[in-house]
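The values are calculated or read from the model by the stated rules, or taken from the named source; none is laboratory data. Only a predicted model underlies this, so the values are computations on that prediction, with no experimental measurement involved. Glycine gets a Cβ as well: all are built from the backbone with ideal geometry, and neighbour counts include every protein chain shown. When the accessible area is computed, the model is the full protein with side chains, heavy atoms only, and any ligands, DNA or RNA have been set aside. Shrake-Rupley method; radii C 1.70, N 1.55, O 1.52, S 1.80 Å.
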Amino acid sequence: MLDATAHVGRLPSPSVWDVNSTADRLVDAGAFVSRDLNLAGFTTLRVGGPAPIVAECSTTQALVDAVRFLDAASIPTLLIAGGSNLVIGDAGWDGVVIRIATSVVRLGDNVIAAEAGAVWDDVVATTVDAGLGGLECLSGIPGSAGATPVQNVGAYGVEVGSVLHRVRLLDRRSGEIRWVETSELGLGYRTSVLKHSEDALVLDVELQVSPDGLSAPIRYRELTTTLSVGEGDQVPAAQARDAVLGLRRGKGMVLDAADHDTWSAGSFFTNPVVPDAEVSTVMAAITRQLGDIAVPSYPADGGVKLSAGWLIERAGFGKGYPGNGAVATLSTKHTLALTNRGSASASDIASLARTVRDGVRGAFGVELFPEPVTVGFKI
Ligand code: EPU
């Protein structure tokens with residue numbers, strides 16, 4: 001019988017590629033190329049190791065040319081835009097990093113278009129300033145426009161899926177570019193067919209807006225309270241945007257370089273959906289631990305959605321856990337955000353994430369799953 005391990009050393013390594021000629025080729029494609037950069041600064045969590053090449057593409061043409069070349073040459077490629085939903089491991093990336101830096105936003109009366117790299121909150125602000133309604137509840141979310149359909153970003157009662165018109169994708173297997181309708185994207189709670197897949201790259205998004213300048217119907221309880229309106233009411237989009245930004249700031253969910261509570265990847269875990277068959281067991285575990293307590297829960301497909309932030313806090317991980325002096329802690333404003341207090345490594349973040357996940361599982365039998373994409377390690 002052959003010893004399978006004997007072959008390992010003879011297999012062609014996927015990372016055998018020439019750095020100099022690759023860099024030259026990326027410059028020819030129109031990218032701005034840097035060598036041997038640390039990647040921490042490209043993410044909002046600010047952790048992660050180095051990469052030999054970072055190629056910044058500020059036009060869609062450069063982006064497409066660069067990615068087509070890298071894919072054809074089978075060079076490992078990591079695509080980064082806003083870096084707000086990404087945790088890069090301490091070993092970094094042994095390949096090319098493409099930074100998506102396109103930025104053009106085009107306004108129309110009913111549909112607006114944004115290039116993938118456009119800063120998402122700039123897109124929202126531009127529409128609100130132009131008197132267009134519909135995106136205001138998604139104010140203050142870090143990241144890029146192109147990332148929003150990938151994980152069907154949502155906040156304050158609105159999901160991108162409900163306002164998305166279509167997306168333009170580069171099919172990385174065929175190299176072809178095509179527009180894809182929203183219905184083809186398999187959008188769900190913080191997910192789509194694009195998430196955890198290398199098959200397609202978002203180049204542009206088109207979003208529906210309303211020219212009356214009114215917000216989407218306000219449904220999220222916290223927001224109806226803040227705005228003093230009834231469920232389903234509409235208000236001027238700018239008013240809703242201000243209220244959402246205020247709420248998000250209160251939770252440390254608006255980026256501020258001076259505030260370590262915002263050195264995070266937003267919600268680190270998705271809100272878990274407990275399958276119908278397990279709900280009574282989980283509720284019994286919660287009652288056993290906490291007594292008779294109102295548990296925030298929402299109906300979901302095939303089960304009940306619980307609040308990860310609530311479960312984390314009740315499992316004994318309060319805001320700021322494990323406390324002053326730790327390099328990685330929960331945000332002091334919201335238990336769902338894992339934060340880098342300035343000198344954390346990816347492994348510090350990962351070990352905090354595992355502690356919290358295991359603690360919630362131990363206390364209530366509920367499994368939490370990370371929302372950000374991790375590179376080079378798994379939680
Ligand atoms: N809670 C706690 N402790 C905390 C924070 C929250 O007990 O430290 C409790 C709250 O009292 C409330 C419940 O948890 O009962 C829910 O909290 P919150 O309203 O802040 O919303 P969330 O479910 O934690 C979700 C999204 C956010 C989005 C907000 C507002 C997920 C994983 N998170 O948070 O999205 O901004 O609702 O719509 O769906 C993100 O995905 O990165 C993100 C920030």
Item to check | Gain on full stretching of the segment that runs from Arg178 to Asp276 - 0.36 nm per residue minus C-alpha separation | outcome: 31.3 nm
Checklist entry - How much space per residue, in cubic angstrom, does the convex hull of the C-alpha atoms of the stretch 103-198 take up? => result 98 Å³
Checklist outcome for this item: Note, the stretch 298-308: 3J(HN,Hα) by Karplus (6.51, -1.76, 1.60, θ = phi - 60°), whole Hz, Gly/Pro = x, goes 9, x, 9, 4, x, x, 10, 8, 9, 9, 4
Checklist entry - For the chain, what is the mean residue ellipticity at 222 nm derived from helices alone (per DSSP H run of n ≥ 4: -39500 (n - 2.57); sum divided by total residues; nearest 500 deg cm²/dmol)? => result -8000 deg cm²/dmol
Checklist entry - Roughly how many percent of the accessible protein surface of the chain is carbon and sulfur, given a 1.4 Å probe and a whole-percent answer? => result 51 percent
Checklist entry - Where q = 0.09, 0.10, 0.24 Å⁻¹, what log10 of I(q)/I(0) comes from the Debye formula for the stretch 208-325, counting one point per Cα? => result -0.37, -0.46, -1.28
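Which whole-number value in Å³ per residue fits the convex hull of the alpha carbons of the chain? List each step's numbers first, then the result.
On the way: hull volume 64.9 nm³, N = 379.
Hull volume over Cα atoms, normalised by residue count, gives 171 Å³.
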Checklist entry - Ranked from the most accessible area to the least, with a 1.4 Å probe and all protein chains present, what is the order of Asp71, Asp122? => result Asp122, Asp71
Item to check | Packing-based order for 266-277, 53-64, using average beta carbon neighbours within 10 Å, highest first | outcome: 53-64, 266-277
Item to check | Spatially near lysine pairs across the chain, Cα under 23 Å, sequence gap of 8 or more or different chains | outcome: 8
Checklist entry - Quick one: in the stretch 99-151, what % of C-alpha pairs are over 19 Å apart? => result 18 percent
Checklist outcome for this item: Rounded to the nearest 10 Å², the accessible area of Val27 using a 1.4 Å probe with every protein chain kept is 80 Å²
Item to check | Sequence ranges 194-202, 44-52, 133-141, ranked by mean other-Cβ count within 10 angstrom, highest first | outcome: 133-141, 44-52, 194-202
Next on the checklist: Let me make sure I get this right: for the stretch 148-295, a, b and c are the square roots of the gyration tensor eigenvalues over alpha carbons, sorted descending. Under 1.5 in a/c it's rounded, otherwise prolate if a/b > b/c, else oblate. Which is it?
Outcome noted: oblate
Item to check | Cα-only radius of gyration and Dmax that characterise the stretch 7-100, units Å | outcome: 13.3, 43
Checklist outcome for this item: Rh (Kirkwood, all Cα-Cα pairs) for the stretch 218-269, Å, reads 12.2 Å
Next on the checklist: Quick check: residue separation of Asp233 and Asp109 times 0.36 nm, minus the Cα distance between them. What number comes out in nm?
Outcome noted: 42.4 nm
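To one decimal place, what orientation-averaged projected area in nm² is obtained for the convex hull of the Cα set of the stretch 266-379?
Reported value for the Cα convex hull: 7.4 nm².
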Checklist entry - What is the dipole size for the chain, taken about its Cα centre, with +1 at each Lys and Arg Cβ and -1 at each Asp and Glu Cβ, in debye to the nearest 20? => result 840 debye
Item to check | Local net charge near Pro149, Cβ-Cβ under 12 Å (Lys/Arg +1, Asp/Glu -1) | outcome: -1
Item to check | Spin-label model distance (nm) - Ser343 vs Ala130, 7 Å beyond Cα toward Cβ | outcome: 4.7 nm
Item to check | Formal net charge of residues neighbouring Gly175 (Cβ-Cβ distance under 15 Å; K, R +1; D, E -1) | outcome: -1
Checklist entry - Counting other Cβ atoms within 10 Å, which chymotrypsin sites (Phe, Trp or Tyr not before Pro) in the stretch 293-379 have at most 14 and lie in a DSSP loop? => result Phe377
